[in-house]
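Structure first, then comments.
The values are calculated or read from the model by the stated rules, or taken from the named source; none is laboratory data. The shown structure was predicted, so the numbers you read here are calculated from the model rather than taken from an experiment. We place every Cβ from the backbone using ideal geometry, glycine too, and count neighbours over all the protein chains shown. Side chains included, ligands, DNA and RNA excluded: accessible areas come from the protein's heavy atoms. Shrake-Rupley method; radii C 1.70, N 1.55, O 1.52, S 1.80 Å.
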Amino acid sequence: MMTTTMPNFLLSLCILESLLHAFTEVNVQASEFQLEGDYLVGGLFDIHHVMFPKIYYRRFQVMRFSVEEINNSTELLPNVSLGYEIFDHCSDIQNFPATLNLISVNGSIQPWSEPHKNLSRVSKVIAVVGPFSSTETLTVAPLFMMNLIPIVSYGAASSAFSEKSKFPSFLRTVHSNKNIIEVIVNIILHFNWRWVAFLNSDDEFGIDGLELFIKRTENTDICMAYIKLLNDNVNYTRMFKQIEAQKINIIIVFAPKRTAEALIESAIRLNVTNKVWVAGDTWSLNEKLPKEKGIRNIGTVLGVSQPVVAIPGFNDFIYSSKSWNDCENAGQKFCNEFCNSSSLSAEDIVFIDPSFSFPVYSAVHSVANALHNVLQCGVGKCNSNITVYPHMVLAELKKSNFTLLNQSIQFDENGNPKFGRYSIVFWNHSGAIEEIGFYTFFPSINYVIDNNKIQWYTDGKVPSSQCSRECPKGYAKRQNGIHKCCFACEICPNGTFVNSTDDHYKCVNCKDTEWSAEGSTSCSLRVVEYIPFTDIGAILIMCGAWSFIGLTIATSVLLAINYNTPVVRSAGGPMCFLILSCLTLSSLSVFFYFDKPTECFCILRSLPFILFYSVCLACFVVRSFQIVCIFKMAAKFPMLYSWWMKYHGQWLLITGTFVTQALLLLIGYSCGPPKPYNETLWYPEKIILSCEIGLKANSGPVILLLFLACLCFIFSYMGKNLPKNYNEAEAITFCLFLLILTWIIFATVYMLYRGKHIQTVNALAVLSSLYSFLLWYFLPKCYIIIFQSQKNTQQYFQGLIQNYTKTISQ
């Protein structure tokens, strides 16, 4: 509500008031434009527009009919007559006298700065119907807002009028541009069009539509490839060349009827072909263009229109009325043009474009129903003692809730209608306009298009309009230039997917538990794989481990029973039991290669084997060294041999190896112990449950293990020429060869295969390493003890040594 007015605005009113006196002096009364009544409703219509008199004249006649219908009703305003004073509104310059006439009393205007001095002189009208266009409404609306005179527009669709702080007494019976744009955008999306041109009039209506279209399409795939403001200075030849150069097939025309007609006629003249034209509601029901010669050449025309609502009794009113010939006889003059309605026939009025007829009809009835409530009308009478002011009518208008021609007439808090719908139309090849769908907003959104009714210029196929062809499934878009509709297609790699319902421009990574092939649109759950204890391979290997433990125990018992025999002593004596114990403890690692790996399982897979197998290798290093000393170095280096035997060098070396390896494992596992690991790189569709190699934890211990193996191999190889029947070094060399061969095979398999069975192969390699020493070092000793006892005597061994000593001394 405006509580103060600017001094300069009041000065303007004074100047305009002087114009008003001049206007009223030359005004000639004509019954067609004025009707006496208890209460007056103002009307602003573009009756004598230079280019289009018929369509505007029909709307003017709808208002006259509405008032007559209300006055003839005994229910709406009984014993109360409603009058009107209608002005021709066709020029911004000449609008003010007519507007001031409506808000004046006896040629004078009461400023809002003095509201309490004489309320009865606020205005001579209780409400105004019109004007039609947004630009015209913006011109005159502030004058009515000052005194809160309701202005109910039947055509002003600009979204600016929804701002109640600026337009507190404005209401309308047509949907705002926001709703029209919503329907147009849904049509574009329905047919999957992406590359469009938007041509709008260079006025409030067109610019508002452009801004709303830009805002509405922000989060869609629609791109405005071309924008042009249409005015009298447009170079149509250049404009259409630019549209054709960008290969735009969809043209949205958001402009008044006159501007749209000039555009389409230019397109026909310039031979513009094969386009889809989307018309706004101001020209979609144009009665002239669909019958123009060459209209089919421009392509297909779709449009959004006000629904055609038949108004009962209106045609009879036109046929029976002679008043639309009266103005010429009366010499009535408006907008510097003499009334020439005598050139119109009744058929011209009846069959002209019916757009916006129902908005006029519902606007007048809204005012009448508001007056009905203000006057507290009941059965047969109204309260004539109530003084009616415009702001009282405004208050009731906002609360409107009545039924008119099966439609519930209501307004929202912004003065916008909560009724009505839009028709979606098509200009068929016979020159008729055919409804192919509709879009309703109330009580809920309902949207229907019958594609089968459309006769496309492409012979049945829906035309396409895209800057770039849509990417195949599984491809992401990479934008080229400023338009998101222009892009290159890039396939999404393994482990990613493109979400077609969310973001077409990004390959999204799958979760750790999911996978996708190249060019996927979704991820699939990975198959989790591991070797359970019940696996046949696991069962066989664990049986082999238990068998190994049994054999080591049996071997230990056999060696213990024959402890004092030469075979046992030559095999190492007490060291044999240490080796067999460590081999048994090393075999415990085999059982932790199966089932779901845990941190504990991962540690026990390697720790027992590395630690105790190192002790085994240390023992064999000592054995190899002792064999070489006995048969070679004892004779050449007696002092070294004596020192070795005196200080028990073999046990010092074994103990040192154990302590060193234990410390290395303790340090390594403290820094980074082996942990469960999900292998997903080798097999994207699977999750292989395994353990990390644990380089930090195992690098030092493994290096020591390799060093012992190499040292053992060197010493044992040096003893390869010992007596054949007493050649333990040769047995150790062969065991080491099998050990090295086993791990070379495992390393090769590991480089080529990382499936779940790699755990089985790893356990098999560990078991093979253990069996190599048991079978090729201890089994021959057991065989001699059991089956060749004649070789297990002191005399036999001394003979071998003596023969070898003679051989090397020669």
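Quick check: is even one residue across the range 113-136 without any contact (Cβ under 8 Å) to a residue 40 or more places away in the chain and either buried (at least 22 other Cβ atoms within 10 Å of the Cβ) or over 30 Å from Leu102 (Cα atoms) (or both)? Walk me through how you get there before you give the answer.
The initial filter retains those residues of the range 113-136 that are without any contact (Cβ under 8 Å) to a residue 40 or more places away in the chain, namely 114-118, 121.
Next cut, either buried (at least 22 other Cβ atoms within 10 Å of the Cβ) or over 30 Å from Leu102 (Cα atoms) (or both) only: none.
Looking through the range 113-136, none of the residues is without any contact (Cβ under 8 Å) to a residue 40 or more places away in the chain and either buried (at least 22 other Cβ atoms within 10 Å of the Cβ) or over 30 Å from Leu102 (Cα atoms) (or both).
Check off (1) under 29 Å from Pro312 (Cβ atoms); (2) in a loop (DSSP other than H, G, I, E, B) for His429 and give me the number that stays unchecked.
His429 satisfies all of (1) under 29 Å from Pro312 (Cβ atoms); (2) in a loop (DSSP other than H, G, I, E, B) except (1).
Restricting to helices (runs of 4 or more DSSP H) lying wholly in the range 36-150: which have 1 or more residues that are modelled with pLDDT under 80? Walk me through it before giving the result.
Values: elements: 53-72, 92-103, 134-145.
Qualifying helices (runs of 4 or more DSSP H): 53-72, 92-103.
Name the residues in the range 163-175 that are among the hydroxyl-bearing types (Ser, Thr, Tyr) and either outside any loop (DSSP other than H, G, I, E, B) or surrounded by fewer than 24 Cβ atoms within 10 Å (Cβ to Cβ) (or both), would you? Show your work before the answer.
At the first step, the residues of the range 163-175 found to be among the hydroxyl-bearing types (Ser, Thr, Tyr) are 165, 169, 173.
Result: Ser165, single match.
Which of the residues spanning the range 495-521 are without any contact (Cβ under 8 Å) to a residue 60 or more places away in the chain, part of a loop (DSSP other than H, G, I, E, B) and either open to solvent by 70 Å² or more (accessible area, probe 1.4 Å) or out of contact with any Gly (no Cβ under 9 Å at 6 or more places or on another chain) (or both)? Steps first, please.
Restricting attention to the range 495-521, the residues satisfying the condition of being without any contact (Cβ under 8 Å) to a residue 60 or more places away in the chain are 496-503, 505-511, 514, 518-521.
Subsequent filtering for residues that are part of a loop (DSSP other than H, G, I, E, B) retains 500-502, 510-511, 518-519, 521.
Selection gives Ser500, Thr501, Asp502, Lys511, Glu518.
Yes or no, residue by residue, for (1) hydrophobic (A, V, I, L, M, F, W, C); (2) modelled with pLDDT under 75; (3) under 23 Å from Leu767 (Cα atoms):
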residue	(1), (2), (3)
Phe612	yes, no, yes
Phe620	yes, no, yes
Lys636	no, yes, no
Leu663	yes, no, no
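On the given criteria, is Phe419 farther than 30 Å from Lys247 by Cα, in contact (Cβ under 8 Å) with a residue 12 or more places away in the chain and of a type in the set (Phe, Trp, Tyr)?
Values: farther than 30 Å from Lys247 by Cα: yes; in contact (Cβ under 8 Å) with a residue 12 or more places away in the chain: yes; of a type in the set (Phe, Trp, Tyr): yes.
So Phe419 passes the test.
Need pairs with beta-carbon distance below 8 Å; first residue touching a residue at least 12 places away in the same chain (Cβ under 8 Å) and within the range 188-199, second open to solvent by 10 Å² or more (accessible area, probe 1.4 Å) and acidic (Asp, Glu); sequence gap 6+ or separate chains.
Cβ pairs passing all conditions: Arg194/Asp221.
Would you mention how many residues in the range 449-465 are within 28 Å of the chain's Cα centre (by Cα) and open to solvent by 60 Å² or more (accessible area, probe 1.4 Å)?
2
All but one of (1) among the hydrophobic types (A, V, I, L, M, F, W, C); (2) touching a residue at least 60 places away in the same chain (Cβ under 8 Å); (3) open to solvent by 40 Å² or more (accessible area, probe 1.4 Å) hold for Met392, so report the exception by its number.
Only one criterion is unmet by Met392, namely (2).
For the range 240-256: of the residues being touching a Ser or Thr at 6+ places or on another chain (Cβ under 9 Å) and within 25 Å of Asn286 (Cα to Cα), which is modelled with the lowest pLDDT?
Looking only at the range 240-256, we keep the residues that are touching a Ser or Thr at 6+ places or on another chain (Cβ under 9 Å), and these are 240, 247-250, 253-256.
Okay, now just the ones that are also within 25 Å of Asn286 (Cα to Cα), so 240, 248-250, 253-256.
Working: Phe240: 96, Ile248: 94, Asn249: 94, Ile250: 96, Val253: 97, Phe254: 96, Ala255: 94, Pro256: 91.
Here the residue is Pro256.
Considering (1) under 29 Å from Val276 (Cβ atoms); (2) assigned to a loop (DSSP other than H, G, I, E, B); (3) open to solvent by less than 50 Å² (accessible area, probe 1.4 Å), say which one Ser400 fails and leave the rest.
Ser400 satisfies every listed condition except (1).
Between a residue in the range 459-471 that is part of a loop (DSSP other than H, G, I, E, B) and any residue that is of a type in the set (Ser, Thr, Tyr), which pairs come within a Cβ distance under 8 Å, given they are 6 or more apart or on different chains?
Correct list of pairs: Pro463/Thr300; Pro463/Tyr457.
Considering the range 206-227 alone, what residues qualify as being open to solvent by less than 50 Å² (accessible area, probe 1.4 Å), assigned to a loop (DSSP other than H, G, I, E, B) and free of Cβ contacts under 8 Å to residues at least 40 places away in the same chain?
Thr217, Thr220
Of all residues in the range 228-252, count the ones that are outside any loop (DSSP other than H, G, I, E, B) and either open to solvent by less than 40 Å² (accessible area, probe 1.4 Å) or aliphatic (A, V, I, L, M) (or both).
Our first condition is that a residue be outside any loop (DSSP other than H, G, I, E, B); within the range 228-252, this holds for 228-230, 236-245, 250-252.
Applying the additional criterion that residues be either open to solvent by less than 40 Å² (accessible area, probe 1.4 Å) or aliphatic (A, V, I, L, M) (or both) yields 229-230, 236, 239-240, 243, 245, 250-252.
Total satisfying the criteria: 10.
Just the residues that are open to solvent by 50 Å² or more (accessible area, probe 1.4 Å), assigned to a helix (DSSP H, G or I) and farther than 22 Å from Leu559 by Cα, please, taken from the range 756-788.
The one that is open to solvent by 50 Å² or more (accessible area, probe 1.4 Å), assigned to a helix (DSSP H, G or I) and farther than 22 Å from Leu559 by Cα: Leu764.
Give me a count of the residues in the range 480-494 that are part of a strand (DSSP E or B) and touching a Lys or Arg at 6+ places or on another chain (Cβ under 7 Å). First the steps, then the outcome.
Going through the range 480-494, the residues part of a strand (DSSP E or B) turn out to be 487-491.
In the following step, the residues that additionally are touching a Lys or Arg at 6+ places or on another chain (Cβ under 7 Å) were identified as 487-490.
Result for the range 480-494: 4.
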